[in-house]
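Enquirer: Following this message is one structure expressed as structure tokens.
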Amino acid sequence: MLINPLSGSVGPRAVVEAETILADYGCEASVVALEGGQFDEQISAALEAKPDVLFVLAGDGTAGTIASRAGPEGPLVAPLPGGTMNMLPKALYGTGDWKLALRRALEEGAQQPVAGGEVTDGDFTQSFYCAAIFGSPALWAPAREAMRTGKIKLAFAHARRALRRAFSGRLRFSLDGRKERRAEALVLISPMISRAMEENTGLEAAAMNPSDAMEAFRLAAHAVMDDWRQDPAVTTRSTQRVAIVARSRIPAVIDGEPTQLHHKAKVRFIREAFRALAPIPPAAEDAV
């Protein structure tokens, strides 16, 4: 188990607390505190040890990096909620409490293939397992998270900031080599998160196309308050490969991590990005 004590919601006692929980289950486990400047070496050592499962209690970016390095041939990975947004851990374990997530993984966990996407922008490559947002409304993601935690004023401050940048430059995108289209923003959603995708056949692509400031405001309100995909200014479909072009740098949020891409980027769907140890979703259990 790899722990970053300095990560958002982890805390200085996490190593001791994790060891106590693991002892309750009679696991043969090694708990390692990640140290600044040694992350790569410690992660490599953990993967080279070939454990049955690698628990990760760290920020969203670190957990995603470890999952990517493990890949479908590596050990099972259990990314526990130790970051700020915790999109992937919440999707897998249904909680933002890392101790509860750890117990759920140990008691109810089964091998689950996790699909995702990979964003490439020149030398930059980053995987995602929940969602990637491209365009000025990428800043709505922090607004929605603030709303979920009860920080209403902060949520609308983020929404206003996104609206100020709206219409500053639309994206052009192509899905699976089809005709290029324009949109204010493009959201790519993994099958694990998507309400529209029932199987691991591709990413759900949702294009946002508000025609004026009033529609943009309504769409921003949907983004903060409920499911914005129900808005008439949003169209969705399945895709496996995406090309994105803009006149200037593209603001993006990739699994909760904000970044700036160059004016061109590509995204590809990965059917099995890594294998997680997590409870089987009810829908999957019914299918079995």
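The values are calculated or read from the model by the stated rules, or taken from the named source; none is laboratory data. Everything numeric here is computed off the predicted structure, so don't read it as measured data. Using ideal geometry, Cβ is built from the backbone for each residue, glycine included, and neighbour counts are taken over all protein chains shown.
Enquirer: Restrict the check to segment 211-228 and report whether at least one residue is of a type outside the set (Asp, Glu) and at pLDDT 55 or above. I'd like the intermediate steps shown before the answer.
Expert: Our first condition is that a residue be of a type outside the set (Asp, Glu); within segment 211-228, this holds for 211, 213-214, 216-225, 228.
Retained after the next criterion (residues that are at pLDDT 55 or above): none.
No, the conditions are met nowhere in segment 211-228.
Enquirer: Which of the residues spanning segment 81-106 are polar (S, T, N, Q) and either modelled with pLDDT under 90 or over 17 Å from the mean Cα position of the chain (by Cα) (or both)? Full working, then the answer.
Expert: Initially, segment 81-106 is screened for residues polar (S, T, N, Q), giving 84, 86, 95.
Result: Thr84, Asn86.
Enquirer: Continuing with the same structure: Looking at Ile43 and the list (1) in contact with a Leu (Cβ under 8 Å, 6 or more places away or on another chain); (2) within 20 Å of Gly109 (Cβ to Cβ), which single condition is not satisfied?
Expert: (2)
Enquirer: Moving on to the next point. Could you tell me which of the residues Gly8, Gly26 is surrounded by fewer than 16 Cβ atoms within 10 Å (Cβ to Cβ), modelled with pLDDT under 90 and under 21 Å from the mean Cα position of the chain (by Cα)?
Expert: Numbers: Gly26 fails: under 21 Å from the mean Cα position of the chain (by Cα).
Checking each option against the conditions leaves just Gly8.
Enquirer: Which members of segment 76-102 meet the condition of being surrounded by 19 or more Cβ atoms within 10 Å (Cβ to Cβ) and without any contact (Cβ under 8 Å) to a residue 40 or more places away in the chain?
Expert: Within segment 76-102, Leu80, Pro89, Ala101 meet the criteria.
Enquirer: May I ask you to verify whether Val53 is aliphatic (A, V, I, L, M) and either touching a His at 6+ places or on another chain (Cβ under 9 Å) or modelled with pLDDT of 95 or more (or both)?
Expert: Details: aliphatic (A, V, I, L, M): yes; either touching a His at 6+ places or on another chain (Cβ under 9 Å) or modelled with pLDDT of 95 or more (or both): yes.
It is true that Val53 is aliphatic (A, V, I, L, M) and either touching a His at 6+ places or on another chain (Cβ under 9 Å) or modelled with pLDDT of 95 or more (or both).
Enquirer: For segment 149-186, which residues satisfy the criterion of being in contact with a Lys or Arg (Cβ under 9 Å, 6 or more places away or on another chain), outside any helix (DSSP H, G or I) and at pLDDT below 85?
Expert: Gly169, Arg170, Glu184, Ala185
Enquirer: Which one is surrounded by the most Cβ atoms within 10 Å (Cβ to Cβ) among residues in segment 190-210 that are modelled with pLDDT under 85 and part of a strand (DSSP E or B)?
Expert: Met208
Enquirer: Moving on. Select from segment 109-132 the residues that are in contact (Cβ under 8 Å) with a residue 40 or more places away in the chain and more than 21 Å from Asn200 (Cβ to Cβ) and write down the one among them that is surrounded by the most Cβ atoms within 10 Å (Cβ to Cβ).
Expert: Going through segment 109-132, the residues in contact (Cβ under 8 Å) with a residue 40 or more places away in the chain turn out to be 109-122, 124, 126-132.
Applying the additional criterion that residues be more than 21 Å from Asn200 (Cβ to Cβ) yields 121-122, 124.
Details: Asp121: 20, Gly122: 9, Phe124: 12.
Here the residue is Asp121.
Enquirer: Please specify each residue of segment 238-259 satisfying the condition of being part of a loop (DSSP other than H, G, I, E, B) and either of a type in the set (A, V, I, L, M, F, W, C) or surrounded by 15 or more Cβ atoms within 10 Å (Cβ to Cβ) (or both). Before the answer, list the steps.
Expert: Let us first name the residues in segment 238-259 that are part of a loop (DSSP other than H, G, I, E, B), namely 240, 246-249, 255-256.
Selection gives Gln240, Ala246, Asp255, Gly256.
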